[in-house]
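Engineer: Before we start, here is the structure in question, set down as structure tokens.
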Amino acid sequence: MVCSFCGLNECEAWLKSYCKPCADLRRMLILYDPMTCADILNRCLLRTPDQITHKINAELKKNTVAELKKKAGGDDKKDYDCPK
Ligand SMILES: [Zn+2]
């Protein structure tokens, strides 16, 4: 039987109506304040266009720095491997 919340996964057990992740979410919503849970999920999972741009720039910068470090390290090693 498919989960009645997400409609994607199979249910935890034959008599249950939610899959494992949805059942866990439901338990968290029961244990904690649903507004707090929704606020945390919104802050963590949903991003504004500015935040998306900032994240993309940070990832590009990270990749560029990693490539520069790799190139710098590779050139040093190359000099050792190929004596002139
Ligand atoms: Zn589900």
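Read the figures in this text as sums done on the coordinates, not as results from a lab. Everything numeric in this text was worked out from a predicted model, so none of it was measured. Virtual Cβ from ideal backbone geometry, glycine too; neighbours counted across all protein chains shown.
Engineer: Please name whichever of Ala13, Ala23, Cys44 sits farthest to the positive end of the charge dipole of the chain, dipole taken about the Cα centre and charges placed at Cβ: Lys and Arg +1, Asp and Glu -1.
Structural biologist: Cys44
Engineer: May I pose another question? When a footprinting reagent is the concern and you count Cβ atoms within 10 Å, what order do Ile40, Ile30 take, fewest first?
Structural biologist: Exposure proxy ranking, most exposed first: Ile30, Ile40.
Engineer: To continue, here is another question. Looking at the square roots a ≥ b ≥ c of the eigenvalues of the Cα gyration tensor of region 1-65, which shape do they give, rounded for a/c under 1.5, prolate if a/b is larger than b/c, or oblate?
Structural biologist: On the way: a/c = 3.71, a/b = 2.07, b/c = 1.79.
It comes out prolate by the Cα gyration axes.
Engineer: Quick one: dipole size for the chain, taken about the Cα centre, charges +1 on Lys/Arg Cβ and -1 on Asp/Glu Cβ, in debye to the nearest 20.
Structural biologist: Numbers: 15 positive and 12 negative charges, 44 e Å.
Dipole magnitude for the chain comes out near 220 debye.
Engineer: Using helices alone, what [θ] at 222 nm do you get for the chain, with -39,500 (n - 2.57) per DSSP H run of 4 or more residues, divided over all residues and rounded to the nearest 500? Let's see the in-between values first.
Structural biologist: Working: 3 runs with 57 residues, N = 84.
Dividing the helical sum by the residues of the chain leaves -23000 deg cm²/dmol.
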